[in-house]
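See structure below.
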Amino acid sequence: MKTGKMLILALLLTALLTASAAAETSITLWHSMSEGAGALMDEFIQTFNDTVGKERGIHVDAVFQGKYSDATMKMNSILAAGQVDTLPDVMQIDATGKVPYASAETAYTVDMALQDHPEADLSAMLSPAMQNWNLAGTQLGLPFATSTTLMYYNKTLLDAAGVAAPETLSQIGALAGLLPETTAEGQKLTIYACLPNTPTLANWLGQLGSDLVDGHNGTESTAAALSCVENGALVTFLREWKALYQTGALDNSAGSLDAFAAGQQVILTESSSKVSALLDKIGGRFELGAAPYPKVNKEASAGATVSGSCLVMFGTDAAKREAAWTLMTWLTGPEVQAKLAAGTGYLPGNTGAAEKEIWQNLIAAYPQYEVGLSQLKETPASMRSVTVGPAADFYYAIQNDVSDMLEEDLSPEEAAEMLEEDLNGLLSEYLRANP
Amino acid sequence: MTKKRRAAALTALDLLALLMALLVLFPVFYGVCGAFKTPEEFAAWPPTVLPNSFRNTENFTRVFAQAPMGRYYWNSFVMATMTSAVRLVLAVLAAYAFVFFDFPGHRTCFFLLLGTMMMPPDTLTIANYQTVSRMGLIDTYVGMGIVSFAGASQMFMLRQHFLTSPKALREAAMLDGCGDLRFLVSILAPTASPLLMTLFLQSFLTQWNAYLWPLLVTNRPEMRTVQVGLTMLTTVDGTNYEVMLAGAAVVMLPAMLFYAALRRFVSRAMENGPLLS
Amino acid sequence: MQMQAAKRRDRVRRPGERVSKGWLFLLPMAVFAFLFQYWPFLQTAVQSFCTVNFRGDITGFAGLENFRYLFSRREFSAALRNTLVLTAVNVPVTLALTLLLAWMTAGRRRLSPLTETLFALPMAVSMASVAMIFRVLLNPTVGYVNYCLGLNVGWLTDRHWAMPAILIMTVWMGIAFNYLLFLSAFRAVPKELTDSASLEGAGPLRLLFSVQLPLISPTILYVVCTNTVQAMMTNGPVLILTQGGPARSTMTLIYLMYTSGYGSSNYSLAACVSLISFGLTLLFTLLIFTTERGKVHYQ
């Protein structure tokens, strides 16, 4: 009994010793991948430690740090406390983490890493996804989980009515008379439900060749004012939106994935990463159609912005920086990105992933997965996701003001004025505190 | 005759109460049932309460496969027990001071402590993180609990309770040469044991269900608590309700068992406890 | 002899020692309250009069500018109004409901252990789980509530129904704990008192209003105070279920602090809201306490 315990202890000790001998550099990764993606992340790190890590003497500890907002809050608290040694070597952040990360004293940006590694070739990275993590000309991180917004539709229902998937807002409006008013179970059938917010409004304005805010949507310099007012893009969108509402096809509420999956909503604009969840929920009751994001009008170009998360690095130690860079390029490489895409519905952030068998097999079985990727290829290169300081307020101000236009029957011009006042107010207040 | 009618009325009252209890508990029941459903069932019309089969335990398998729940349970248990115990002891002492000592400014002090209930916790987080990490308490149970050691709400309830206990009791004890601490521990606390249990339980459950703070002050996976483990399964704004509910059930059930066990203790204490007379 | 000696000792020691001993009992809690509540809160208070950058560093003095800006926000008046409505409805409803339930089950009868346990169990469910369950239950299209009641209400998506939905949830969350407190308070009422009142011919209602309620009034005071504080600080359900919407109809003060403050990197705004919420809640609590004198009976 006792010897058995001793033996186990000895074994554990040797295992520990050999592990630490092999792993000369130990680094930490903080991530926010939950559900299936979390299991995949653990699997990736395991593989890395067993292969590349073993060769180069790197050991990675992956730690889940809650949702993106929790992890960002943790990063902010650490930065405010000035305890930079607590920060990990590699961290996964979403858009809200960009500005605080850029301000961190120990941020080891991709641009800095590229100076240390002139041989590195990032040309295979999906360019709209790369741009998404570029702030004021500095490449902060590399895209890890990438997605865009798609239009999902109930293909069975549209086929039965003999109509093709709509491409513009007015075509969605035209469905109003063509579809039944209730579902087979007698429930009300909603055609489309959506509350425009920062990313979706940026999509529609981008299609019209306009940014939402200046500073190229806040990516080149801190946004100070709206830049979609004088060029008329905002009013153009609001007019189309109000016209759509007046056809009765639009419900003034956030679209519901559940209602869509239950067959009670025909069209849903949602993240491309929701493909798997949707297929699960629908469970074969109807055919899931996936199409590019609807266009504001016929003249608009197609496309939508990128969202998701990236990996960034911290630290000053040369060996750890080296190890972090090795891990980061591996995690954003074709192999891992193809697996991640196949397992979750995120888009591969590395164009090399498209050649991998696992991705090929996936899109052969479920062509819905590929729509997001082809959409990004068509999206104008000038389109940027929005980075603004007062992120949450901005998001809800857009929702509320556009919603008020419909409920209180304001003219698109009045609504545009209201938006301009509210959003510019938020931006100038932010500038007051962050000159 | 009237006795019979009275008994009948009481039975009716009991049944009505039971009915209302079931109604109150319905959301919990619904949630637990949901943990056995498949994604398809959640999107099906008409909605159901019961799952197709209680044998569908796949969601639970996923919960346990994804996170080392055993370790998380232990962490949550230790953290919640320790924090609640300290919280209660401090609250008892403070409440005793407010009721039995008459010192200048004691009313002001009472309201100052009560004021801590009204500070939005989010405003305190960042500064507290700095304090706790400077104290070197990151990745410790104490670090997870220390910000909750001062429980104004418990102190307040205990004060209310002590105020109702006869002043003569203490005077008599003092005359017998009993010190304040001994009076508190051996006479006053036992009479308050049902309340102490209820407060302990409430505090325990609050700590058991805490999420953001334990997440912030732990970096090592082996120090994580059950609620943090739950978020690894799924986010609150996620869409796979069935796994979320399975996770919630897995976290909830031990807490409920703990409650049921304590309740028996409480009711026994209530029946046998020395009554004030 | 001994008694007299003790008495004398007591009297002799009284002035200084009783004071210092009182402080000693108070000290442990006060230390933690200061360190982890007042100290950070004072920093918050300072921030509300300063400009604070997106990282939370104070960069300058702003005077009342932050408050002026806050009051100019449309969200603020909505948040204030909603918070007051929430409190004004939640507190009396919870009080009446839990009092009623405790009164119905206070007698120890065959079913009481079962009923008590059932009523208390919701306490074990975390706020996040409750919110999740209610979100599924109240889902306008696939939820059970609409189906069961034959309604077609967008509980969380309609600007007239979202607030009632939040109210239902917050009341539900408060039932268990308050019920338990009232139950033990009812049971602590000395049996001699209720018996003698019954003998004098008092019906159950007379008994309730003239004997039981006065005796459990300390617990009532507690429940009213803590529920007021909790209702004034409602955030969780709003954060998870409605995000203050639709159209600001469920925006509460603390949620405003959360979105317009931390969600929008505006720490000084968060500090202002926090201070206002604290001040208002303290004011209400003090008002409730002024009714304590005379109306609340301590034996």
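Rule-based calculations on the coordinates, nothing more; no lab input. Note that the structure is predicted; figures quoted are calculated from it, not measured. Because the Cβ atoms are built from the backbone with ideal geometry, glycine has one as well, and the counts that use them run over all protein chains shown.
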Quick calc: nm separation of the 7 Å Cα→Cβ label points for B:T57 and B:A7 -> 4.5
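When the helix-only estimate is applied to the protein assembly as shown (DSSP H runs of n ≥ 4, each -39,500 (n - 2.57), divided by the residue count), what is the mean residue ellipticity at 222 nm, nearest 500 deg cm²/dmol? If you can, show how the numbers build up before the last one.
Values: 48 runs with 604 residues, N = 1011.
The helix contribution divided over the protein assembly as shown gives -19000 deg cm²/dmol.
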For the ranges A:136-142, C:268-274, C:121-127, what's the packing order if you count other beta-carbon atoms within 10 Å of each residue, average per peptide, and put the highest first? C:268-274, C:121-127, A:136-142
Let me know the whole percent of all Cα-Cα pairs from the stretch A:209-311 that are separated by more than 23 Å. 45
What FRET efficiency would be calculated for the residue pair A:D42, A:E220, taking the C-beta separation as r and a Förster radius of 60 Å, to the nearest 0.05? 0.95
Give me the extension gain from A:D50 to A:S301: residue separation times 0.36 nm, minus the current Cα-Cα distance, reported in nm with one decimal. 85.7 nm
Just to confirm my numbers, what's the Cα centroid distance between the stretch A:26-51 and the stretch C:220-284 in Å? 37
Taking a label point 7 Å from the Cα of A:T182 along Cα-to-Cβ, the residues of the stretch C:130-167 whose backbone nitrogen sits under 17 Å from it are C:141-142, C:146-153
Over the Cα atoms of the protein assembly as shown, what Rg and Dmax result, in angstrom? 30.5, 106
Output the Cα-based Rg and Dmax of the stretch B:1-149 in Å, rounding Rg to one decimal and Dmax to a whole number. 24.7, 73
Give me a comma-separated list of calculated 3J(HN,Hα) values for the stretch C:116-125, in order, Karplus coefficients 6.51, -1.76, 1.60 applied at θ = phi - 60°, integers in Hz, x for any Gly or Pro. 4, 4, 4, 5, 8, 4, x, 4, 7, 8
Taking just the alpha-carbon atoms of chain C, what radius of gyration and Dmax come out, in angstrom? 24.2, 81
For labels at B:K167 and A:E105 in the simple 7 Å Cα→Cβ model, what's the distance in nm? 5.9
Dividing the alpha-carbon radius of gyration of the stretch C:15-61 by 2.2 N^0.38 Å, where N counts its residues, gives 1.79
Within 10 Å of each residue's Cβ, count the other Cβ atoms and sort C:Y267, A:Y68 from fewest upward. A:Y68, C:Y267
Over all residues in A:206-213, what is the mean tally of Cβ atoms on other chains that come within 10 Å of each residue's Cβ? 0
Taking Cα atoms, the helix A:2-22 axis meets the longest principal axis of chain A at an angle in degrees (rounded to 10) of 70
Any idea what the dipole of the protein assembly as shown comes to, in debye rounded to 20, about its Cα centre with Lys/Arg Cβ at +1 and Asp/Glu Cβ at -1? 5940
Three semi-axes of the equivalent ellipsoid, the stretch B:68-272, Cα gyration tensor, whole Å, largest first: 36, 21, 14
Take the alpha-carbon centre of the stretch A:185-203, take the same for the stretch C:141-212, and report the distance between them in whole Å. 38
Give the aspartates and glutamates reachable from A:K298 as a straight Cα distance under 12 Å; neighbours fewer than 8 places away on the same chain don't count. A:E167, A:E240
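At R0 = 45 Å, how high is the FRET efficiency between A:E119 and C:F71 if r is their beta carbon distance? Nearest 0.05 is fine.
Details: r = 58 Å, r/R0 = 1.28.
The formula returns an efficiency of 0.20 here.
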Between 0 and 90°, nearest 10: helix B:121-134 axis offset from chain B longest Cα axis: 80
Can you list the residues of the stretch A:234-257 with backbone N under 11 Å from a point 7 Å past the Cα of A:D409, pointing along Cα to Cβ? none
Computed from the beta carbon distance with a Förster radius of 45 Å, FRET efficiency for A:A160 and A:S382 to the nearest 0.05 stands at 0.70
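Beta carbons within 10 angstrom, averaged per residue: use that to sort the peptides C:37-46, B:48-57, highest first.
Working: C:37-46: 18.2, B:48-57: 13.2.
Ranked by mean Cβ neighbours within 10 Å, highest first: C:37-46, B:48-57.
Based on alpha-carbon positions alone, could you give the equivalent ellipsoid semi-axes of the stretch C:46-140 from the gyration tensor, as √(5λ), descending, whole Å? Could the numbers behind the result be given before it?
On the way: eigenvalues 395, 59, 46 Å².
So the three semi-axes of the stretch C:46-140 are 44, 17, 15 Å.
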Give me A:L331, A:L279, A:L135 ranked fewest to most by other Cβ atoms within 10 Å of their Cβ, as a rough exposure proxy. A:L279, A:L135, A:L331
Projected label distance in nm at B:S186 and C:I58, using a 7 Å step from Cα toward the beta-carbon: 5.2
Please compare each pair in A:K74/A:K98; A:K74/A:K274; A:K274/A:K339; A:K188/B:K37; A:K295/A:K377 to a cut-off of 19 Å on the Cα-Cα distance and tell me which ones are over it. A:K74/A:K274; A:K188/B:K37
Within straight cross-link reach of B:K4, meaning Cα distance under 26 Å, which lysines are found once same-chain residues fewer than 8 apart are removed? C:K191
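Averaged over B:23-34, how many beta carbons belonging to a partner chain fall within 10 Å of each residue's beta carbon?
Numbers: counts 1, 11, 9, 4, 13, 8, 2, 6, 8, 1, 0, 5.
Partner Cβ neighbours, averaged per residue: 6.
Mind ordering A:56-66, C:224-234 by average Cβ neighbours within 10 Å, highest first? Let's see the in-between values first.
Working: A:56-66: 20.5, C:224-234: 22.4.
Going by the mean number of other Cβ atoms within 10 Å, highest first, we get C:224-234, A:56-66.
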How large is ³J(HN,Hα) for each residue in the stretch A:74-91, as worked out from phi by the Karplus curve 6.51 cos²θ - 1.76 cosθ + 1.60 (θ = phi - 60°), to whole Hz, x for Gly and Pro? 5, 4, 4, 4, 5, 5, 5, 7, x, 9, 5, 5, 6, 5, x, 7, 10, 9
In degrees from 0 to 90, rounded to the nearest 10, what is the angle of the helix A:233-246 Cα long axis to the longest principal axis of chain A? 60
Evaluated at 37 °C and 0.692 mPa s, the Stokes-Einstein D of the stretch C:191-273 based on the Kirkwood radius over Cα pairs, in µm²/s, stands at 204
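What do you get for chymotrypsin sites (Phe, Trp or Tyr not before Pro) in the stretch B:113-191 restricted to DSSP loop and a cutoff of at most 16 other Cβ within 10 Å of the site's Cβ? Walk me through the numbers on the way to the answer.
Details: sites: B:Y129, B:Y141, B:F149, B:F156, B:F162, B:F183; in loops: B:F149.
Passing both the DSSP loop test and the Cβ count: no residue.
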Average projected area of the Cα convex hull of chain A, in nm²? 25.2
